[in-house]
Structure formats: C-alpha cells, structure tokens
Amino acid sequence: MNSKKITHVLYDMDGLLLDTEQFYTIVTQEIVGKFGKTFDWSVKSRMIGKKAIDAANILVNALNLPIKPEQYLEQRNERLRELFPSAEPLPGAMRLTQHLARQGIPQGVATSTTREMFALKTSRHKSWFDVFQTVITGDDPRVKQGKPAPDIFLAVADELGGRPEDCLVFEDAPSGMEAALKAGMSVVVVPDPNMAHDVYREAHQILNSLEEFNPKLWGLPVF
C-alpha cells in the first residue's frame, strides 16, 4: 500500500463524494412497489456503479418486472431530477479533495452518471467541484463500455496526464473497484455499510469513510 508514490487521484462520485445512493433506493422501491416487489441489497449490490441501462437490465431481470428497462429508467429519472439537487457531500469528501487541490495534486471524477444528471447532483456544489481538473461522465463518447470495464478511468487519467500506475482511485462499488484494477491503478474502497466486505478483497485499502484516509501512506501531502 505504501510502496507507491501517487501523483494523480481519481474519484467515483455517487456514494463516494455525494450521498445520492439513498435517492436511487427510494425511487426504485417506489417503482417496483407498484408491482408488489421489494428492492433490497441482494439486487442493489449488483447495480451499484453500473451504467444506467446496465443497472436497469439487472433490476428488471432480477425482480421479473413487467416493464422494459427503458420504461423503468424513464420513471426513475423523472423522480430523481426532483431529488438530486438536494444531494449532500459525504463525510471527508470536501476536506480531502480541497486539501489535495491546495497541494497541487491533479484530480478527476469518473462517474457512470450522465452529464445531465451530474449537473443536477452538483448544482449546489459548483465551487467545490472546481477542484477537479476533469470530470468524465458515463455518456462520454470515450467511454465505450461502462464499469467494470476500465474505459472511464483510463480516459480521466489521460486527460490529467497521469500514468495508470501512478493513479489512485477512490470507489464505493465492486464494479468500480474492478474497473480501476483493470486500468492498472491502485484503489481505495469506501463501501456502503450494507455491503459485504468480501467482494472488496482485491482492493488495496478498505475504509469506513473518507475521513479515515491517510495521504501519507500513499506518498501524498499530509493534512
């Protein structure tokens, strides 16, 4: 873990920087509840971090819903547009990113969300998100395949001018962890408390919160 000197830092956004996962849970349960179904962690754990259409396919198949994935997304997105602007930062996220920005460490966001939804989620946090040199969303043409493919992390590293082996990725989702590893990067995971840790065995470090992160272990400037 501490043998590398990291020069560039990359972040997932949902459930890592911003507390948006609760909105997906609330809205999805509203939708599946109409069909007498329950949206629980056995399904959600497989959807986290995936591109919207991939996650929708998992949901529709897992719960045998009588609607198409596209119909689910249409209903979901309508409600999410109302909720996303109220998204709050997760503990330690602003402190860490602003600290590294002050120290001149290049940082980027690699989020599976669309550019439209990104704008809604960050609408009250524009000055904070200015600390990132680049943000690449899931609908960017350079992202041919969503996580767990490495496309999005490689695109962000390329924009930042960092070699994959010098990049550290922060993720909360198993698919994101897998994408970072496939990209040849180091990865620190901050799982949702509901997620079993055994799926994160390959991560270089597991934290309960970004507040626990010690930059010194990675050759980054100390707080």
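Of all the listed residues (P148, P85), the sole one being in a helix (DSSP H, G or I) and either basic (K, R) or closer than 25 Å to N194 by Cα (or both) is P85. Taken over the stretch 90-111, the criterion of being buried (at least 16 other Cβ atoms within 10 Å of the Cβ) and out of contact with any helix residue (DSSP H, G or I) (no Cβ under 7 Å at 6 or more places or on another chain) is satisfied by T97, H99, L100, A101, I105, V109. For the stretch 166-174, the condition of being at pLDDT below 95 and outside any helix (DSSP H, G or I) holds for at least one residue. Give the residue that is farthest from the chain's Cα centre (by Cα), with candidates limited to residues of the stretch 198-217 that are charged (D, E, K, R) and either more than 12 Å from P174 (Cβ to Cβ) or surrounded by fewer than 12 Cβ atoms within 10 Å (Cβ to Cβ) (or both). It comes out as K216.
Total residues in the stretch 67-89 satisfying the condition of being hydroxyl-bearing (S, T, Y) and open to solvent by 20 Å² or more (accessible area, probe 1.4 Å): the figure is 1. If you filter the stretch 87-118 down to residues that are of a type outside the set (K, R) and free of Cβ contacts under 8 Å to residues at least 24 places away in the same chain, you find that the one that is farthest from V27 (Cα to Cα) is G104. Can you name every residue in the stretch 24-39 that is without any contact (Cβ under 8 Å) to a residue 40 or more places away in the chain, over 19 Å from the mean Cα position of the chain (by Cα) and surrounded by 13 or more Cβ atoms within 10 Å (Cβ to Cβ)? Within the stretch 24-39, Q29, V32, K37, F39 meet the criteria. Scanning the stretch 7-23 for residues that are farther than 20 Å from W128 by Cβ and crowded, with 20+ Cβ neighbours inside 10 Å yields no hits at all.
Restricting A179, A149 to those that are touching a residue at least 24 places away in the same chain (Cβ under 8 Å) and either buried (at least 22 other Cβ atoms within 10 Å of the Cβ) or in contact with a Lys or Arg (Cβ under 6 Å, 6 or more places away or on another chain) (or both) reduces the list to A179.
Here N2 passes the criteria (1) open to solvent by 20 Å² or more (accessible area, probe 1.4 Å); (2) modelled with pLDDT under 95; (3) in a helix (DSSP H, G or I) except the one numbered (3).
The values are calculated or read from the model by the stated rules, or taken from the named source; none is laboratory data. In this text, all values refer to a predicted model and were calculated from it rather than measured experimentally. Methodologically, a virtual Cβ is constructed for each residue, glycine included, from the backbone with ideal geometry; neighbour enumeration extends over all protein chains shown. Only protein heavy atoms, including side chains, enter the accessible area calculation; ligands, DNA and RNA are left aside. Shrake-Rupley method; radii C 1.70, N 1.55, O 1.52, S 1.80 Å.
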